[in-house]
Amino acid sequence: DAKTTQPPSMDCAEGRAANLPCNHSTISGNEYVYWYRQIHSQGPQYIIHGLKNNETNEMASLIITEDRKSSTLILPHATLRDTAVYYCIVRDSNRDDKIIFGKGTRLHILP
Amino acid sequence: EPEVTQTPSHQVTQMGQEVILRCVPISNHLYFYWYRQILGQKVEFLVSFYNNEISEKSEIFDDQFSVERPDGSNFTLKIRSTKLEDSAMYFCASSVDGVSYEQYFGPGTRLTVT
């Protein structure tokens, strides 16, 4: 089962920052936090991942709390194309090959 | 940008028939995966494949399922005798490395068993 807890849905106004929270209170030292998203009827898409430092790429920023028990994915300027289900996933870098998807957060970007 | 491709995009078959779903992973990737998603449900792991053998499989991946990399480019999922409950989207994925790198997913094949 997924080791993360996410709100089932969120709304965000177009052009604003979308902040998607994730709780992973049982995360262990070898486990990374990954984020994927799934736009309707498409395959999941990798967004970003991190271990303990904050990370940023062209798609998003990932903020991980100091105790690593929670994280936030930030889409800085959300567009309508960012409407999707966002999955927060914990993976052990030494062991886990497969991805275990939870239910994710359904993000609606409102025009 | 390189991408994972899958064919066909939609396959309709009758119960009891064999189907083969095809995937072309990204060319320098070494790890390959199949996942499925029944309509309205979570994406579920089926099988991972490395060095021409299965490295892990889920409970879903029973004797009716098999995978193969027949020619060094294609990666196939075969369902020998399809059941109604096999109707789902099937996603292929690949990654450079098995554990520490992101997986890239294909667009999926929608399998409908009638």
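Read the figures in this text as sums done on the coordinates, not as results from a lab. Since this is a predicted model, take the numbers as computed values, not measurements. Counting neighbours? That spans all protein chains shown, and the Cβs are built from the backbone with ideal geometry, glycine included.
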Relative to the compact globular guide of 2.2 N^0.38 Å, what is the alpha carbon radius of gyration of segment B:2-54, as a ratio? 1.31
Under a point spin-label approximation (7 Å from Cα along Cα-to-Cβ), what is the B:Glu85-B:Thr13 distance to one decimal in nm? 1.7 nm
Counting only pairs 8 or more residues apart or on different chains, how many lysine pairs in chain A have their Cα atoms under 14 Å apart? 4
I want to verify the translational diffusion coefficient of chain A in µm²/s; compute it with Stokes-Einstein, Rh as the Kirkwood radius over Cα pairs, at 10 °C and 1.306 mPa s. 114 µm²/s
Calculated FRET efficiency for the pair A:Lys103/A:Thr79, C-beta based, R₀ 22 Å, to 0.05: 0.40
Give the share of C-alpha pairs in each 5 angstrom bin for segment A:1-58, from 0 to the last occupied bin, in whole percents, shortest bins first. 4, 12, 21, 27, 23, 10, 3, 0
List the GluC sites (Glu not before Pro) within segment B:3-76 that fall in a DSSP loop (any state other than H, G, I, E or B) and whose Cβ has at most 14 other Cβ atoms within 10 Å. B:Glu3, B:Glu18, B:Glu59
With the calculation restricted to Cα positions, what are the radius of gyration and Dmax of segment B:53-114 in angstrom? 12.9, 39
Using alpha carbons only, how many angstrom separate the centre of segment A:78-92 from the centre of segment B:1-35? 23 Å
Provide the three semi-axes, in whole Å and in decreasing order, of the ellipsoid equivalent to chain B as defined by the square roots of 5 times the Cα gyration tensor eigenvalues. 22, 14, 13
Return the Rg/Rh ratio of the protein assembly as shown with Cα-based radii and a Kirkwood Rh. 0.98
Unpaired by the 4.7 Å Cβ criterion, cysteines found in the protein assembly as shown: A:Cys12
